[in-house]
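S.K.: Just dropping this structure here.
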Amino acid sequence: MKIAENEIHIWFTYDEEINPDFALTNYVQFLNHQELEQWQKLYFDKYKHQYLVTRMLVRDVLSRYLQGIPAENIEFITNDYKKPYILPEQLAIPLRFNISHSEKMIVLAVSVGVEIGRSALVRIGLTYCLLTGVYLY
């Protein structure tokens with residue numbers, strides 16, 4: 001999938017619309033060791049399910065931009081605040097993303113070369129995603 005430098009693509013899903021058994025059967029295999037440990041630490045099934053759906057949304061969507069890298073092979077690093085980034089060696093373009101969620105919805109914003117956070121969204125006039133009713137930060 002192509003994305004221009006002046007674009008932010010917004011992807012979202014409702015985690016409740018994804019069958020928990022389907023997610024367990026099909027999504028767990030895509031988690032790396034660190035993600036699997038984090039998922040296993042979650043106590044409530046609702047939060048485990050949302051975490052699993054979030055990680056799959058991120059991996060599936062980013063693999064569409066990272067041509068030639070399957071979802072399960074995307075590697076992440078984190079900064080001091082635990083914000084995930086794609087391993088720089090896997091990037092042909094400076095792809096950036098941010099994740100947010102509400103009680104039922106997971107939102108993923110993707111851009112090129114621009115850190116997506118509240119300040120970046122304010123700069124382009126997208127502080128609130130009208131389709132989702134979710135603030136991105």
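The values are calculated or read from the model by the stated rules, or taken from the named source; none is laboratory data. Note that the structure is predicted; figures quoted are calculated from it, not measured. Virtual Cβ from ideal backbone geometry, glycine too; neighbours counted across all protein chains shown.
S.K.: Tell me which residues, restricted to the stretch 25-57, are closer than 22 Å to Phe76 by Cα, part of a helix (DSSP H, G or I) and either at pLDDT below 85 or of a type in the set (S, T, N, Q) (or both).
M.R.: Correct list: Asn26, Gln29, Gln34, Gln38, Gln40, Gln50, Thr54.
S.K.: Still on this model: Among all residue pairs at least 6 apart or on different chains, which show Cβ distances below 8 Å where the first residue, located in the stretch 33-51, is touching a residue at least 12 places away in the same chain (Cβ under 8 Å) and the second is among the polar types (S, T, N, Q)?
M.R.: If the second residue must be among the polar types (S, T, N, Q), the pairs left are Tyr51/Gln38.
S.K.: Would you be able to tell me the number of residues in the stretch 70-89 that are more than 13 Å from Ile116 (Cβ to Cβ) and in a loop (DSSP other than H, G, I, E, B)?
M.R.: The qualifying residues number 8.
S.K.: Suppose the filter is in contact with a strand residue (DSSP E or B) (Cβ under 9 Å, 6 or more places away or on another chain), crowded, with 18+ Cβ neighbours inside 10 Å and closer than 25 Å to Val112 by Cα; does Ile8 pass it?
M.R.: Against the criterion (in contact with a strand residue (DSSP E or B) (Cβ under 9 Å, 6 or more places away or on another chain), crowded, with 18+ Cβ neighbours inside 10 Å and closer than 25 Å to Val112 by Cα), Ile8 qualifies.
S.K.: Could you run through the stretch 58-69 and say how many residues are in contact (Cβ under 8 Å) with a residue 12 or more places away in the chain and either assigned to a helix (DSSP H, G or I) or aromatic (Phe, Trp, Tyr) (or both)?
M.R.: 6
S.K.: How many of the residues in the stretch 12-46 are among the acidic types (Asp, Glu) and exposed (fewer than 12 other Cβ atoms within 10 Å of the Cβ)? Quick ask: steps written out before the conclusion?
M.R.: Narrowing the stretch 12-46 to residues among the acidic types (Asp, Glu): 15-17, 21, 35, 37, 45.
From what's left, exposed (fewer than 12 other Cβ atoms within 10 Å of the Cβ): 17, 21, 37, 45.
Counting residues in the stretch 12-46 that are among the acidic types (Asp, Glu) and exposed (fewer than 12 other Cβ atoms within 10 Å of the Cβ) gives 4.
S.K.: Before we move on, is Val114 at pLDDT below 90, closer than 18 Å to Trp11 by Cβ and of a type in the set (A, V, I, L, M)?
M.R.: So Val114 fits the description; yes.
S.K.: If you don't mind, another one. Scanning for something in contact (Cβ under 8 Å) with a residue 60 or more places away in the chain, outside any helix (DSSP H, G or I) and among the polar types (S, T, N, Q), does the stretch 7-21 turn up at least one residue?
M.R.: Yes; the residues of the stretch 7-21 include at least one that is in contact (Cβ under 8 Å) with a residue 60 or more places away in the chain, outside any helix (DSSP H, G or I) and among the polar types (S, T, N, Q).
S.K.: Same structure again: If I go through the stretch 47-81 residue by residue, how many of them are exposed (fewer than 14 other Cβ atoms within 10 Å of the Cβ) and within 18 Å of Lys2 (Cα to Cα)?
M.R.: 3
S.K.: Kindly indicate whether Ala92 is in contact (Cβ under 8 Å) with a residue 24 or more places away in the chain, out of contact with any strand residue (DSSP E or B) (no Cβ under 9 Å at 6 or more places or on another chain) and not in a helix (DSSP H, G or I). So that I can check it myself, show each step before the final result.
M.R.: Numbers: in contact (Cβ under 8 Å) with a residue 24 or more places away in the chain: yes; out of contact with any strand residue (DSSP E or B) (no Cβ under 9 Å at 6 or more places or on another chain): yes; not in a helix (DSSP H, G or I): yes.
Taking the combined requirement at face value, the residue satisfies it.
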